[in-house]
Amino acid sequence: MKIQRNIKTRIDQVDFKNLSFGEIFSDHMFVCDYLNGKWNIPKIIPYQPISLYPSASALHYGQTVFEGMKAYKDNNGKVWMFRPKENWLRLNKSCERMMIPEFPEDYFMKGLKKLLSMDSDWVQSGDGNSLYIRPFVFASQPNVQAAPSKEYKFIIICSPAKSYYNDSEFNVLIEEKYSRAADGGVGYAKAAGNYGAQFYPTSIAQQKGYLQVVWTDANEHKYIEEAGTMNIFVRIGDKLITAPTNDRILDGITRKSAIQLAKDMGINVEVRSITINEVVNAVNDGSLKEIFGAGTAVVIIPITGFGYQNIDYKLPSVKDSYAKRLKRAITEIQYNISDDPHQWRVGV
Ligand SMILES: *Cc1c(COP(=O)(O)O)cnc(C)c1O
């Protein structure tokens, strides 16, 4: 790995108390080029613009995927990652689907560790504070032929973050017209186009007063699949239900962790399809206790209500909710507060 340090840190210009998500980036970035059929020697350089030809393939055909993960600082100032190997595995699942060459594990892990150790001051300690890490790969070959690129860039950038949805109202619209993913499609991959395509339906929902869209299956709009860019959980009675992952649903690491920790707590977890009807019936008979989203950015966020076929349903506020218990259990592992029975923490 080649390393070129920033001469002067920009950290003193950052107002860590008033961060809006994804706007400010740490001093360095990790860059690795795929040229002549192989990943070249990676480097860490100051965060800076990159130069590309306008014919760079990713700009035309969207051959690009990303990951999202975080680093956390414990009360002793040590920096930790959470299940980073899962991100590496998923990155390569996404790459495979988009015909991008696999990225080597040791480049990914060593690159992350070195970058985080160089920019460790950017990881603030304290509840909710973290450094959001964005690894991504894109097709950089200057060629507009509709074919897989022969050149790629893999980059990791980091952005300081606070927990960015607050605990207030979070109402969602159950989407019955637009779809996020289809059978045989790329919904399971963190492929850039999946997200760009969500903006329009989400903005329509927002005009109607909802914060996010709950995606349903593209075939029948009968099953609940994901909440925005989060996996979704429904609690009916004391049962916690979440949809199985498939080629439409992203295999979230927060989802996976929440399922495991819920089982550890003795909660009855069912991984199965959930119909909208089941949810509506459960609201009406009072057995619906919680719905929540799960993803790296927010960990777990309770949904307070949902709109479906022009009716707004309010969810009860429950004491000692599964959402709260699971969020606490996950974050205590992330911040090195609790034991780590599944060895999810990785020190930097
Ligand atoms: C990234 C993502 C998630 C959450 O995955 P985590 O690994 O928990 O962050 C869920 N759904 C979609 C569509 C996503 O892109």
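Tabulated data
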quantity: Solvent exposure of segment 130-237 as accessible area per residue, Å², 1.4 Å probe; calculated: 41
quantity: Carbon and sulfur %, accessible surface of segment 2-161 computed with the full protein complex present, 1.4 Å; calculated: 51
quantity: P(r) histogram, all alpha-carbon pairs of segment 1-92 included - 5 Å bins from 0, percent; calculated: 2, 9, 12, 19, 25, 17, 11, 4, 2, 0
quantity: Compactness of segment 2-161 - radius of gyration and Dmax, Cα, Å; calculated: 16.1, 52
quantity: Pair Arg272, Ile311: separation of 7 Å Cα→Cβ label points (nm); calculated: 2.3
quantity: Residues of type aspartates and glutamates that Lys222 reaches as a straight line, Cα spacing below 16 Å, ignoring anything fewer than 8 places off in the same chain; calculated: Glu175, Glu176, Asp183, Glu278
quantity: Distance between segment 1-20 and segment 239-278 - C-alpha centres, whole angstrom; calculated: 38
quantity: Heavy-atom accessible area per residue - segment 265-343, 1.4 Å, Å²; calculated: 49
quantity: Pair Ile7, Asp264: separation of 7 Å Cα→Cβ label points (nm); calculated: 4.8
quantity: Heavy-atom accessible surface of segment 171-334: percent carbon and sulfur, 1.4 Å; calculated: 48
quantity: Pair Asn76, Ala197: separation of 7 Å Cα→Cβ label points (nm); calculated: 4.7
quantity: For the chain, diffusion coefficient by Stokes-Einstein and Kirkwood Rh (Cα), 4 °C, 1.567 mPa s, µm²/s; calculated: 61
quantity: Sequence of Thr229, Thr254 when ordered by accessible area, the most exposed leading, probe 1.4 angstrom; calculated: Thr229, Thr254
quantity: Under 23 Å from the Cα of Lys256 - lysines, other chains or at least 8 residues apart; calculated: Lys70, Lys73, Lys85, Lys93, Lys162, Lys190, Lys239, Lys289, Lys324, Lys327
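The values are calculated or read from the model by the stated rules, or taken from the named source; none is laboratory data. Everything numeric here is computed off the predicted structure, so don't read it as measured data. Glycine also receives a Cβ, built like all others from the backbone with ideal geometry; neighbour counts cover every protein chain displayed. Only protein heavy atoms, including side chains, enter the accessible area calculation; ligands, DNA and RNA are left aside. Shrake-Rupley method; radii C 1.70, N 1.55, O 1.52, S 1.80 Å.
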